[in-house]
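Below is one structure; the comments refer to it alone.
The values are calculated or read from the model by the stated rules, or taken from the named source; none is laboratory data. Keep in mind that this is a model prediction, so the values were computed, not measured. Because the Cβ atoms are built from the backbone with ideal geometry, glycine has one as well, and the counts that use them run over all protein chains shown.
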Amino acid sequence: MHEDPKDVAREAAAAAALELVEPDMAIGLGSGRAVWKVIGAIAERWPDGPPIRAVAASERTHELALTAGLELVELDGSLELDLAIDGADQIDAELRLIKGGGGALLREKIVVSAARRFVVVAEDSKRVDRLGQGFRLPVEVARFGWPDTRRRLADLLPDAELRAGDDGPYLTDEGHYILDCVLPADADPDAVDLELKRMPGVLEHGLFIGLAERAFLGRADGGVDVLERGT
Ligand code: A5P
């Protein structure tokens, strides 16, 4: 049976990111299928237990990292991560990202912000000309008064849908709701980033701007394109 071409692409990106992982590092691991391939690659590289400490941005990542033998640690206020690795839902030419498709955006942004370096692993199909084209921007909101937060969001992001879970609204690992919002074609992502941060009820949003230094974009043929910020 042939492997899913997207998995081939994720594995290629993961293998490229593995080159940056060194023994004794403290790393941040985001969430999603591409990052889970990185965990697999780390486990293969150090089958007797990787000499690496990791902070996980989701419960699922935590579980997989534990199984791979990584030492899981917490952000205790003094730990600075050497490197954060995370996936993305969309990546533009300026290395601006939309993240949060899997619902882990708040923890992901905290983990990425705790790291000296942040690199993205993704399939090359995640690269877009315009952020928001064909993908909604996830916005994590407090459950309290969320319809009011949605009303206040409407000037900026007019079409916001409450994400559904298996049994009622989807809940993030932190217990919040997600509004999946259309990012209008004429919106300036940098301005939206700043506006959203000022809005009561908005806890985080999926625009990751000015954070990633590089993206490893895996291809279905097993090759990898590298996108660097500022090139
Ligand atoms: C998790 O909430 C997201 O930010 C993921 O990093 C993103 O959705 C990419 O996930 P995949 O690698 O599964 O596509």
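Which is within 19 Å of GLY102 (Cβ to Cβ) and part of a loop (DSSP other than H, G, I, E, B), of LEU171, LEU157? Step through it out loud before you land on a result.
Working: LEU157 fails: within 19 Å of GLY102 (Cβ to Cβ).
None of the others qualify; the one that does is LEU171.
Do we find a residue being more than 12 Å from the ligand (Cβ to nearest atom) and in a helix (DSSP H, G or I) anywhere in region 92-104?
At the first step, the residues of region 92-104 found to be more than 12 Å from the ligand (Cβ to nearest atom) are 92-96.
Subsequent filtering for residues that are in a helix (DSSP H, G or I) retains none.
No, the conditions are met nowhere in region 92-104.
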Subset of region 121-147, residues within 17 Å of HIS205 (Cβ to Cβ), part of a strand (DSSP E or B) and within 14 Å of the ligand (Cβ to nearest atom), comes to LEU137, PRO138, VAL139, GLU140
For region 1-37, which positions are within 14 Å of the ligand (Cβ to nearest atom) and part of a loop (DSSP other than H, G, I, E, B)? ASP4, GLY30, SER31, GLY32
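Would you say VAL38 is buried (at least 24 other Cβ atoms within 10 Å of the Cβ), over 22 Å from LEU207 (Cα atoms) and not basic (Lys, Arg)?
yes
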Can you tell me which of (1) assigned by TED's automatic domain parsing to the domain that holds PRO158; (2) among the acidic types (Asp, Glu); (3) in a loop (DSSP other than H, G, I, E, B) is the one ASP221 doesn't meet? (1)
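Residues that are surrounded by 19 or more Cβ atoms within 10 Å (Cβ to Cβ) and modelled with pLDDT of 95 or more: does region 70-77 have at least one? Talk me through it step by step, then tell me what you get.
The first filter runs over region 70-77 and keeps only residues surrounded by 19 or more Cβ atoms within 10 Å (Cβ to Cβ), leaving 70.
Checking the rest, the ones that are also modelled with pLDDT of 95 or more come to 70.
Yes, region 70-77 has at least one match.
Any residue at all in region 38-48 that's hydrophobic (A, V, I, L, M, F, W, C), touching a Pro at 6+ places or on another chain (Cβ under 6 Å) and in a helix (DSSP H, G or I)? Before you say what the answer is, go through the steps one by one.
Within region 38-48, the subset hydrophobic (A, V, I, L, M, F, W, C) is 38-39, 41-43, 46.
Adding the requirement that they be touching a Pro at 6+ places or on another chain (Cβ under 6 Å) leaves 42.
Keeping just the survivors that are in a helix (DSSP H, G or I) gives 42.
Yes, because at least one residue in region 38-48 is hydrophobic (A, V, I, L, M, F, W, C), touching a Pro at 6+ places or on another chain (Cβ under 6 Å) and in a helix (DSSP H, G or I).
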Out of (1) over 20 Å from the mean Cα position of the chain (by Cα); (2) not in a loop (DSSP other than H, G, I, E, B), what's the single condition that is false for LEU203? (1)
Return the pairs, sorted by first residue and then second, in which the second residue is acidic (Asp, Glu) and crowded, with 18+ Cβ neighbours inside 10 Å, the first residue lies in region 55-77 and is in the same structural domain as ARG107 (by TED's automatic domain parsing) and in contact (Cβ under 8 Å) with a residue 40 or more places away in the chain, the beta carbons are less than 7 Å apart, and the residues are 6+ apart or on different chains. ALA57/GLU108
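If you go through region 175-184 one residue at a time, do you hit one that is assigned by TED's automatic domain parsing to the domain that holds ARG10, over 24 Å from ALA57 (Cβ atoms) and not aliphatic (A, V, I, L, M)?
Our first condition is that a residue be assigned by TED's automatic domain parsing to the domain that holds ARG10; within region 175-184, this holds for none.
Checked against the condition, which is being assigned by TED's automatic domain parsing to the domain that holds ARG10, over 24 Å from ALA57 (Cβ atoms) and not aliphatic (A, V, I, L, M), region 175-184 yields no hits at all.
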Could you tell me whether region 186-197 includes any residue that is in a strand (DSSP E or B), touching a Leu at 6+ places or on another chain (Cβ under 7 Å), of a type outside the set (S, T, N, Q) and surrounded by 13 or more Cβ atoms within 10 Å (Cβ to Cβ)? no
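So that you can scan it fast, the table gives a plain yes or no per residue for (1) at pLDDT 95 or above; (2) surrounded by 18 or more Cβ atoms within 10 Å (Cβ to Cβ); (3) within 18 Å of GLU11 (Cα to Cα):
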residue	(1), (2), (3)
GLU44	yes, no, yes
ASP89	yes, yes, yes
ASP92	yes, yes, no
SER113	yes, no, no
VAL121	yes, yes, yes
GLY132	yes, yes, no
